[in-house]
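Asker: Got a structure for you, written out below as structure tokens; questions coming shortly.
The values are calculated or read from the model by the stated rules, or taken from the named source; none is laboratory data. Everything quoted here is computed from the prediction, not taken from an experiment. Cβ placement follows ideal geometry from the backbone for every residue including glycine, while neighbour counts extend to all protein chains displayed.
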Amino acid sequence: MSQVIALKPWERKAYLESLDGHLSMDGVDLVTLAAHTGTPHYVYSEKKLRANAAEMIQTFGDIHPNFTVAYASKALANMSVLKIFRDEHLGIEVNSGGELFKATQAGFTGDQIVFNGVAKTKVEIDAAIAAKIKAINVDSLSELDRVIDCAKQGPHPANVTLRVVPEIQGGGTAGRETGSASSKFGMTPEEIMVALEKLRTATDVTKFMGFHAHIGSQVNDIDAYRAEAAFMIRFLSDIKSSLPTELKHLNLGGGFPISYIDGRNANPGPEYLQDTYSAAISIEDVGKSLIAPLRDAFGPEIELIVEPGRSLVADTAVLLTRVEATKRRNKLDWLYLDAGYGIMLDAVFSWYFPMITASRTDDEDTAHFRIFGPLCDSYDAFFDVRGEAAIRKLLEKEPSLTDHKNLLEKVLLHQPGMKELAAKTSIGDIVAVFDVGAYNIDTQSQYCGRLQPAVSLIKLDGSIQEIRNAETEDDLIARDS
Ligand SMILES: *Cc1c(COP(=O)(O)O)cnc(C)c1O
């Protein structure tokens with residue numbers, strides 16, 4: 001045969017593979033694991049976590065040696081994972097006093113920590129100053145006043161970096177854009193001028209470090225990174241003479257994309273979904289478009305920082321979930337899983353995750369299914385409930401829009417209506433949801449009286465460590481009176 005056809009397009013060599021008809025991770029049979037642990041259950045790979053961290057450090061470090069990768073811990077702030085990342089020489093980005101606490105408990109030292117957030121409390125700022133962190137990324141003029149006040153009372157000066165609005169649209173979906181003045185983050189260049197003036201009169205209690213920008217999440221557009229670099233270069237040449245002291249660092253934020261669609265689901269839906277979910281951009285591309293121009297403009301002395309979250313952890317985990325019920329409606333097969341958005345929040349935002357039938361990886365016959373979670377809530381579905389309903393309503397109200405159905409789908413639909421699984425998938429089968437490692441563990445709830453599941457880590461030696469235990473029914477009532 002002249003053509004090689006991948007029978008299992010989701011396979012990733014030596015990581016996610018088929019083993020005797022079962023999905024395996026790092027050689028561990030995940031269906032057998034799920035039989036022991038119960039479902040739903042999250043499984044992470046230590047090997048993949050370390051590989052992602054090492055690759056990012058190497059790629060950016062090769063371009064600019066004075067480089068820090070500060071892991072955005074809100075993507076996954078499990079203590080075992082934080083310790084692994086510290087061991088891999090990542091720094092850390094925190095968003096709250098709670099994350100600052102976790103970072104220091106995991107062994108990060110102050111000089112490895114940067115602190116973002118739009119509404120830091122005095123208590124949080126005091127803690128950041130006491131821990132002598134590398135940078136408090138100040139988000140507003142009112143916050144700068146607060147930091148200066150805290151620093152006047154505190155034991156050390158506050159290291160201050162200013163978050164600037166670069167006016168760049170990036171981010172996979174609305175709500176994931178953070179780089180424009182219409183989003184809630186950062187200061188405009190005019191506000192920055194006022195901030196610099198304030199800092200010039202407070203050099204006894206503050207230390208000016210540099211500037212910060214973060215343009216969004218799952219930013220799958222290379223032009224957005226080029227624009228961010230160009231903005232920083234232009235902006236700094238405009239304000240150079242107003243800096244209170246020498247520029248120490250530039251923090252470029254995170255938002256680097258991963259590929260949620262790369263042939264692992266044979267039914268990725270319409271092409272426009274691939275704009276968001278099929279990462280056309282690699283870490284090397286980000287290096288070339290964002291890091292290299294800044295190195296060329298500012299020279300070897302300046303420290304460059306990035307804050308990736310999703311791209312370090314998303315593809316390091318799968319969620320194992322069991323089919324608990326089925327229906328046949330409108331000639332479609334429906335499956336009900338034991339995992340819903342209570343333990344996978346991004347599902348409620350119609351985020352796309354690839355799925356396969358983990359207990360039937362050798363089956364060649366496939367079929368399309370509508371897939372739902374167990375919660376008593378219509379949004380608990382693995383297709384785009386809101387988008388589909390909005391398009392239907394618009395077309396009912398305004399039939400002439402039918403000509404623009406493609407455009408409506410592009411704007412409103414974020415997830416295809418059906419998923420392709422093994423045709424025999426039925427009650428008792430284990431479905432694996434891929435690339436769930438970011439923004440799912442830390443956003444879980446007990447909604448509908450459901451317990452947050454345990455999380456396993458497959459260690460480098462192949463042994464399995466429970467890195468977060470499952471809630472029990474007692475946890476459902478423990479905090480109520
Ligand atoms: C959330 C966040 C990040 C990480 O974004 P990812 O898309 O997960 O890489 C980085 N910096 C800031 C300021 C953030 O709020």
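Asker: For the stretch 1-60, which residues satisfy the criterion of being assigned to a helix (DSSP H, G or I) and out of contact with any helix residue (DSSP H, G or I) (no Cβ under 7 Å at 6 or more places or on another chain)?
Answerer: T32, L33, A34, A35, H36, T37, K47, A51, A54, I57, Q58 - these are the residues of the stretch 1-60 that are assigned to a helix (DSSP H, G or I) and out of contact with any helix residue (DSSP H, G or I) (no Cβ under 7 Å at 6 or more places or on another chain).
Asker: For the stretch 450-463, does any single residue satisfy the condition of being within 19 Å of D315 (Cβ to Cβ) and within 16 Å of the ligand (Cβ to nearest atom)?
Answerer: Within the stretch 450-463, not a single residue is within 19 Å of D315 (Cβ to Cβ) and within 16 Å of the ligand (Cβ to nearest atom).
Asker: I've got another one for you. Looking at the stretch 426-446, which of its residues are β-branched (V, I, T), more than 16 Å from the ligand (Cβ to nearest atom) and part of a loop (DSSP other than H, G, I, E, B)?
Answerer: If we filter the stretch 426-446 for residues that are β-branched (V, I, T), which is where we start, we get 427, 430-431, 433, 436, 441, 443.
Subset that is more than 16 Å from the ligand (Cβ to nearest atom): 427, 430-431, 433.
Once the filter is applied, which keeps residues that are β-branched (V, I, T), more than 16 Å from the ligand (Cβ to nearest atom) and part of a loop (DSSP other than H, G, I, E, B), the stretch 426-446 yields only I427.
Asker: Same structure again: Filtering the stretch 336-357 down to residues that are at pLDDT 95 or above and assigned to a loop (DSSP other than H, G, I, E, B), which residue is nearest to the ligand (Cβ to nearest atom)?
Answerer: Only one residue tops the list, namely M344.
Asker: Also: Residues in the stretch 58-96 that are small (G, A, S) and away from the ligand (no atom under 13 Å from the Cβ): how many?
Answerer: Residues flagged as small (G, A, S) and away from the ligand (no atom under 13 Å from the Cβ) within the stretch 58-96 amount to 2.
Asker: Give the residues of the stretch 406-425 that are surrounded by 15 or more Cβ atoms within 10 Å (Cβ to Cβ) and either among the aromatic types (F, W, Y) or assigned to a loop (DSSP other than H, G, I, E, B) (or both), sorted by residue number.
Answerer: L413, H414, Q415, P416, G417, M418, A423, T425
Asker: Something else now. Take the residues in the stretch 80-123 that are of a type in the set (S, T, Y) and part of a helix (DSSP H, G or I), then tell me which one is nearest to I136 (Cα to Cα).
Answerer: Kept after step one, since they are of a type in the set (S, T, Y), are these residues of the stretch 80-123: 80, 96, 104, 109, 121.
With part of a helix (DSSP H, G or I) added as a condition, the list becomes 80, 104.
Values: S80: 25, T104: 15 Å.
Applying the filter and picking the extreme gives T104.
Asker: Let me ask you something else. Checking K48 against (1) more than 19 Å from the chain's Cα centre (by Cα); (2) surrounded by 16 or more Cβ atoms within 10 Å (Cβ to Cβ); (3) at pLDDT 95 or above, which single condition isn't satisfied?
Answerer: Among (1) more than 19 Å from the chain's Cα centre (by Cα); (2) surrounded by 16 or more Cβ atoms within 10 Å (Cβ to Cβ); (3) at pLDDT 95 or above, the lone unmet condition for K48 is (1).
Per-residue answers, yes or no, for (1) surrounded by 18 or more Cβ atoms within 10 Å (Cβ to Cβ); (2) more than 14 Å from V160 (Cα to Cα); (3) away from the ligand (no atom under 16 Å from the Cβ):
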{"site": "G98", "(1), (2), (3)": "no, yes, no"}
{"site": "F101", "(1), (2), (3)": "no, yes, yes"}
{"site": "G107", "(1), (2), (3)": "no, yes, yes"}
{"site": "G110", "(1), (2), (3)": "no, no, yes"}
{"site": "K120", "(1), (2), (3)": "yes, no, no"}
{"site": "I125", "(1), (2), (3)": "yes, no, yes"}
{"site": "A128", "(1), (2), (3)": "yes, no, no"}
{"site": "K132", "(1), (2), (3)": "no, no, yes"}
{"site": "S140", "(1), (2), (3)": "yes, no, no"}
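Asker: Would you mind telling me which numbered condition in (1) in a helix (DSSP H, G or I); (2) away from the ligand (no atom under 14 Å from the Cβ); (3) hydrophobic (A, V, I, L, M, F, W, C) A280 fails?
Answerer: Going through (1) in a helix (DSSP H, G or I); (2) away from the ligand (no atom under 14 Å from the Cβ); (3) hydrophobic (A, V, I, L, M, F, W, C) one by one, A280 breaks only (1).
Asker: Which one of these is acidic (D, E), over 31 Å from the mean Cα position of the chain (by Cα) and at pLDDT 95 or above: D204, D238?
Answerer: D204
Asker: If I go through the stretch 19-36 residue by residue, how many of them are more than 12 Å from A432 (Cα to Cα) and hydroxyl-bearing (S, T, Y)?
Answerer: Qualifying residue count, the stretch 19-36: 1.
Asker: Can you confirm whether A77 is assigned to a loop (DSSP other than H, G, I, E, B) and more than 17 Å from K132 (Cα to Cα)?
Answerer: yes
Asker: Let me ask something else. Go through the stretch 312-335 and count every residue that is surrounded by fewer than 24 Cβ atoms within 10 Å (Cβ to Cβ) and either hydroxyl-bearing (S, T, Y) or in a loop (DSSP other than H, G, I, E, B) (or both).
Answerer: 3
Asker: Could I ask something else about it? What number of residues in the stretch 189-221 are within 16 Å of the ligand (Cβ to nearest atom), within 16 Å of T161 (Cα to Cα) and part of a loop (DSSP other than H, G, I, E, B)?
Answerer: So the count comes out to 2.
Asker: Within the stretch 283-300, is there a residue that is within 16 Å of the ligand (Cβ to nearest atom), crowded, with 20+ Cβ neighbours inside 10 Å, farther than 27 Å from T425 by Cβ and at pLDDT below 90?
Answerer: No; the residues of the stretch 283-300 include none that is within 16 Å of the ligand (Cβ to nearest atom), crowded, with 20+ Cβ neighbours inside 10 Å, farther than 27 Å from T425 by Cβ and at pLDDT below 90.
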